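Structure first, commentary second.
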Amino acid sequence: MLLKKNISIVYFLKLIKWDVMAITLYSIMVGTLDHFAFFNDIDIPLSVSALVGTLLSLLLAFRTSQSYERWWEARNIWGAIVNDSRSLIRQLIHFLPNDDMKTQYIQSFAIRQYTWCYALTEGLRKVPASDKVDSYFKALGADSDNRPNLLLTKHAEAMAEITDHYQLDPNRQVQIDNTIVKLTDAMGKCERIKNTVFPRSYSVMIHFLIYVLMTILPFGLEDNHYIVEIMVATLVPVLFIAIERTAILMQDPFENKPTDTPMSSLSATIERNLTEMAELPAHPKPAEAGTFYVM
Amino acid sequence: MLLKKNISIVYFLKLIKWDVMAITLYSIMVGTLDHFAFFNDIDIPLSVSALVGTLLSLLLAFRTSQSYERWWEARNIWGAIVNDSRSLIRQLIHFLPNDDMKTQYIQSFAIRQYTWCYALTEGLRKVPASDKVDSYFKALGADSDNRPNLLLTKHAEAMAEITDHYQLDPNRQVQIDNTIVKLTDAMGKCERIKNTVFPRSYSVMIHFLIYVLMTILPFGLEDNHYIVEIMVATLVPVLFIAIERTAILMQDPFENKPTDTPMSSLSATIERNLTEMAELPAHPKPAEAGTFYVM
Amino acid sequence: MLLKKNISIVYFLKLIKWDVMAITLYSIMVGTLDHFAFFNDIDIPLSVSALVGTLLSLLLAFRTSQSYERWWEARNIWGAIVNDSRSLIRQLIHFLPNDDMKTQYIQSFAIRQYTWCYALTEGLRKVPASDKVDSYFKALGADSDNRPNLLLTKHAEAMAEITDHYQLDPNRQVQIDNTIVKLTDAMGKCERIKNTVFPRSYSVMIHFLIYVLMTILPFGLEDNHYIVEIMVATLVPVLFIAIERTAILMQDPFENKPTDTPMSSLSATIERNLTEMAELPAHPKPAEAGTFYVM
Amino acid sequence: MLLKKNISIVYFLKLIKWDVMAITLYSIMVGTLDHFAFFNDIDIPLSVSALVGTLLSLLLAFRTSQSYERWWEARNIWGAIVNDSRSLIRQLIHFLPNDDMKTQYIQSFAIRQYTWCYALTEGLRKVPASDKVDSYFKALGADSDNRPNLLLTKHAEAMAEITDHYQLDPNRQVQIDNTIVKLTDAMGKCERIKNTVFPRSYSVMIHFLIYVLMTILPFGLEDNHYIVEIMVATLVPVLFIAIERTAILMQDPFENKPTDTPMSSLSATIERNLTEMAELPAHPKPAEAGTFYVM
Amino acid sequence: MLLKKNISIVYFLKLIKWDVMAITLYSIMVGTLDHFAFFNDIDIPLSVSALVGTLLSLLLAFRTSQSYERWWEARNIWGAIVNDSRSLIRQLIHFLPNDDMKTQYIQSFAIRQYTWCYALTEGLRKVPASDKVDSYFKALGADSDNRPNLLLTKHAEAMAEITDHYQLDPNRQVQIDNTIVKLTDAMGKCERIKNTVFPRSYSVMIHFLIYVLMTILPFGLEDNHYIVEIMVATLVPVLFIAIERTAILMQDPFENKPTDTPMSSLSATIERNLTEMAELPAHPKPAEAGTFYVM
């Protein structure tokens, strides 16, 4: 997640540099040709460009809106993960009778739960597993392609054991199962966003429209100022490209980029909360923020 | 689902070729007539075309947005199917007491559940049943027009048997019934999207507006460059047609086309997850992706 | 629901014929006057018409979108009715112990449930009750102004009897009550859509704007071609009227019109599914589709 | 709720008369000045007005859409109140064992429930309490600033008594509590809509933009026809004002105005349904509709 | 929340004064240069400005809409907090058997619950804790970085004690746990809105577009009236800036500003309701409203 304090313009410019260069070159070329013989005659009214521009603006508004939805949904899912993690531990505090094992059970759930958050983060971002997660799975003596799914199954197995140990009332067991179902849903929703490519046809269409606009726009501008004409003919398509890139940046929130959902940071928050609630010793410090973003 | 790596432009062009040809012919005809006697006089200001174009753009934005909603809803439903399939098996692991039969029960549920996914896929796409599904129903000795519905009833019957066998607490039984209700809902939602034609009147209206725009646009362009006029008069309506076709492509996500929800692939993922969770032997390989899409 | 195969253009034209005639007459009148003395001087720039046109387009986009929402919500509610009807019978199969009465109980629920669907359809469409429904109520020996509500109460009474007969666990009873609550909600939502007029003020406003546009548009067109001017001055307002009518068509989905939610057809599907699940003898044939729509 | 049959144009015109007069005066003033010395020179291109007009149209579209959402949400909440009122009584029928007290309990719940509807209506509209409600609270011998909240507490106390009387299973008690929770939510949602002013800053901004448009528009119109210029310069801002007023009318649905959610009428429907279900003697007649609206 | 009666225009003007000054200076500079040599020649058609303006208007409409969504979601969350606070106390009244301790338990829950509301308000606004909250935590003898989370854990511990004391049926315990889960969710949602910066890239993009528009607009205006040109060239960008600021004002509803969600006032309402329901002595007076807003 990008922070308020500081934004790296450089970071953004890097993203669109190739498009900017291509558009500039094209504008210079057309601008130059436009002063010669044949092309000089061609005149495509600005109204036609405006018509294409309106259509393109509406598609970009749609695109922007959908990207934002995906980004916001991702943030909502992780908000729900924070809530459900806290509720899970709180329900154990609430439902388990006081005996020697209670603290131990709660602590093992708390550790498994925040490890789940880290494992999910790493799985979605396709980065190598951290030491924390790797050592957990080593100690567990089991592994899977889909580590978060395995951990949820371990939650279920531990709950089966706890139910057996305390002769826990089925109502309470089912209530905790509800929380595990919610975590399963959150995991599945993350996978859905991660694995669903934004419809290619829309992207291609918007790109094509930008190129069309870039092509016809110079023929509608008057030819008295060579430099100004080229600047305008470059500027307008670059604006559209820039907005499209902004949308592309937001639409994939689990890609290990500065615009990601801050999963590492949220996982650390969850770890802090759960260790406090379960009275575990180690309270980790807040994740360090990057210069202009937090992961 | 179309993939990022590669898009078949050819595939898309095939979809709009007839419209493109018709529009081109018409533009040539009008462009030619426009240079003769009577038609030369007719002048419909570009502002009128712009007015129609704005209206059309807004309707297309609405259309695009609704198609996207349908496509995204279909994807969400299948995301929920993934989650509920996992939760179903996890709940059985969680709730059934350990005895000789437990593994067997869980495995039969896992097989029935992923068969349900395949049967639903095939039913929605109206393709012939695969061997996997056909042999399951042969072994079952029962069949129905609506196979997925029958399988859910079999889930319920098996749950009744399990409840009887283990004297399962009604709370737990009801919790699993909740998951079956969710699967019933997902199935019904897929049928709803499949069977509900996007309102014909909107499609007809948009088509009609495109033809109107195509008709009046050439009369607003100046007549000095025959070729350019024809190109512009062809290009603009083709853009609108192309966007409408993109919307049509997205709006029906269960039609056995490259833009489908990747149900086969998701079903295979479910099969892989459930066989692992239920400790079944056969882990199928991921479904092979097409050159530029995954089904 | 209109089908894909065939659309009755005639049906649609009938809906807008009076508006078209009025607009045409007005355009001819203004177009004629415009060539005489006083009116000839009046010139309202097309930009003003464009401004009004943009505002009107945005309101129509809003209108179109809200009508679609209503139509889609109605379809969703009936999709939920399909799901909940199936779940209701499946839950009875799942929860009732096997004894002599089980089949009989399930069958009476199945019949009551699909009769509820037909009664709801007829109540919403305000058509005379079919024989199927009438004979059911005759046999029941009770009646009400709100027949579907009475049938749901009968469901509740039957459940009370079943609970008594089998000493059914309250958990299971409550789970079935949940399904009855969902059916109550669906019924209430249908009534809400049926009884809530789309805000009159918006309709009046849009109509008024169309008349304003119709009035000022001809004064912006140039006067060299009498016929063309009249055609354009007629065409543009007709397009707006046509879109508004399309929206009006969609917004009331329970009016016994070809654009209705296909409630009869969905009720028949439910009847088919439930009779199969409850092992009742009579499987009705699918409802016959009209030439270009299905009810 | 305004009805279809009849709309009072007069009612609407009264709402905007001051704005219309102010705008007309201003237009006449500017139109007159525009023909003299200094002002005659000033020319603000119509494109600038169009730019402001587009921005304003989009903000009005947003405003219209949000007002509609509020109105529709209010209608949905009251739809849910209808459903939950019916479900509450149905659940009592379903869950209470047959004994001498059952009918009496159900009837007292039915009366308290429809009184709750009337009390909520009166509280939201800030109108004096009706006799029906006042006499109920007199008989109850208790009162509160927030009468509906008190009645829900009475529901809860009565449920506690019923649970005690019948030794009602906690499952059933909890299921009815769910319905009371839903009624609490509906009440809170109504209060939220009632107490939340639509953001002032947006209203001020839209008003300001309309005044800006009104100011610059006359300078873009040509000066050949004094009357026409004034008419156009008046008409366009009035259209925008009228649309804004329409939005303002919809956004506050609990203000005792003709555009209100028809709470009195829905409460009467609930009373009719509940008295029938609870076999109470008095079936009230439908609320009388106003000439062009129903409250 | 800003109130209807009164709006501080001064407050708003302060927010945009720097932008207004910068834009005015720039317009004067360009307006002056435009009358000299080189710049006089440059002409960027108004259509290009209109194209940029349309794009910008659509992005601002999107921005406005998303800010409103955040503000409305925040208001909804606090509406849910009101409802769930009432339901929590009502459920205790409903579920706890009558004995000496009941009133005491309910009162301690009521106090803890409204303290939670105040603590959440103060935590979100990052203001120093009030005496009411501080003294509560002093008496409690425990503290945490996340005070609301600690209070919810105390709710859970108190429920565990109550369950033990009354041998409360697990169904009822789970039902109250549901309400605590909802409060956990509401808290987490507030934290999500508080901690999620609105995507920086959109803000930067909109700002950049406004500057582009400001730069090209003067070159499209005709040069006959120096003052009018400067006024128009200043006015239009200021309108866009003002709308963007309005959106920024709404998007962060927990910042201790006049446009905040009125959390203090809602907390006081909750305190009043709960003290009445729990029959506690002190009924606090309504929070005093500011001159033009309520916090």
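Averaged over the residues of D:186-199, the number of partner chain Cβ atoms lying within 10 Å of the residue Cβ comes to 5.
Label-point spacing at A:PRO281 relative to the other copies reads 4.8, 4.8, 7.8, 7.8 nm, in ascending order, each point sitting 7 Å out from Cα along Cα→Cβ.
Taking B:ALA74, B:ALA242, B:ALA160 in turn, the Gaussian network model of chain B (Cα-Cα springs below 10 Å) assigns the largest fluctuation to B:ALA160.
Three principal axis extents of the protein assembly as shown based on alpha-carbon atoms, in descending order, are 91, 73, 73 Å.
The distance separating the Cα centre of the range A:124-202 from that of the range B:232-267 comes to 36 Å. Distances between copies at A:ARG245, taken between label points 7 Å from Cα along the C-beta direction, are 3.0, 3.0, 4.9, 4.9 nm in increasing order. The GNM of chain D, with springs linking C-alpha atoms under 10 angstrom apart, assigns the highest mean-square fluctuation among D:LEU266, D:LEU13, D:LEU124 to D:LEU13.
About its Cα centre, how strong a charge dipole does the protein assembly as shown have in debye, to the nearest 20, once Lys and Arg get +1 and Asp and Glu get -1 at the Cβ? Before the final figure, lay out the partial values.
On the way: 135 positive and 160 negative charges, 320 e Å.
Rounded to the nearest 20 debye, it is 1540 debye.
Across peptide E:74-84, the mean count of Cβ atoms from other chains lying within 10 Å of each residue's own Cβ comes to 4.
With helices as the sole contributors, the protein assembly as shown gives -26000 deg cm²/dmol at 222 nm; each DSSP H run of n ≥ 4 counts as -39500 (n - 2.57), and the sum is divided by every residue.
Over the range E:152-241, the hull volume per residue, using the convex hull of the C-alpha atoms, is 128 Å³. What separates the D:LYS194 label point from its copies, with the point 7 Å along Cα to Cβ, is 3.0, 3.0, 4.8, 4.8 nm, written shortest first. Could you tell me how many degrees, from 0 to 90 and to the nearest 10, lie between the Cα long axis of helix B:263-277 and the main elongation axis, the longest principal axis, of the Cα atoms of chain B? Long axis of B:263-277 versus the principal axis of chain B: about 20 degrees.
Could you please report the charge total around C:TYR166, scoring K, R as +1 and D, E as -1 over all other residues with beta-carbon less than 14 angstrom from its beta-carbon? Before the final figure, lay out the partial values.
Values: positive: C:LYS102, C:ARG172; negative: B:ASP164, C:ASP99, C:ASP100, C:GLU161, C:ASP164, C:ASP169.
Summing Lys/Arg as +1 and Asp/Glu as -1 gives -4.
Taking the longest Cα principal axis of chain D as reference, the axis of helix D:200-216 is set at about 20 degrees.
Principal-axis analysis of the Cα atoms of chain A puts helix A:9-33 at an angle of about 20° to the longest axis.
For the peptide A:155-164, the mean number of other protein chain Cβ atoms found within 10 angstrom of a residue's Cβ is 3.
Using the alpha carbons alone, the radius of gyration of chain D stands to its Kirkwood radius in an Rg to Rh ratio of 1.18.
Over all pairs of different C-alpha atoms in the range E:200-250, the reciprocal of the mean inverse distance, the Kirkwood hydrodynamic radius, equals 11.9 Å.
Cross-link pairs exceeding 32 Å in C-alpha to C-alpha distance, out of B:LYS102/C:LYS189; A:LYS154/D:LYS182; C:LYS138/C:LYS182; B:LYS17/B:LYS194; E:LYS182/E:LYS257, comprise B:LYS102/C:LYS189; A:LYS154/D:LYS182. GNM, chain D, Cα, under 10 Å: largest mean-square fluctuation among D:PRO97, D:PRO258, D:PRO148? Its mean-square fluctuation being the largest, the pick is D:PRO97. A viscosity of 0.692 mPa s and a temperature of 37 °C, combined with the Kirkwood radius over C-alpha pairs in the Stokes-Einstein formula, give the range E:125-195 a diffusion coefficient of 236 µm²/s. Please return the longest stretch of chain D lacking exposed loop sites, where GluC sites (Glu not before Pro) count only if DSSP places them in a loop and at most 15 other Cβ atoms lie within 10 Å. So the longest stretch without any such site is D:1-221.
Overall, chain D carries a charge dipole of about 480 debye about its Cα centre when +1 sits on the Cβ of Lys and Arg and -1 on the Cβ of Asp and Glu, all other atoms neutral.
The longest stretch of chain D left intact once loop-based trypsin sites (Lys or Arg not before Pro) with at most 12 other Cβ atoms within 10 Å are removed from consideration, loops following DSSP, is D:127-295.
Values quoted throughout were computed directly from the atomic coordinates according to the rules given, and no laboratory measurement underlies them. These numbers come from a predicted model, not from an experiment. A quick note on method: Cβ atoms are made from the backbone with ideal geometry, for glycine too, and the neighbour counts reach across all protein chains shown.
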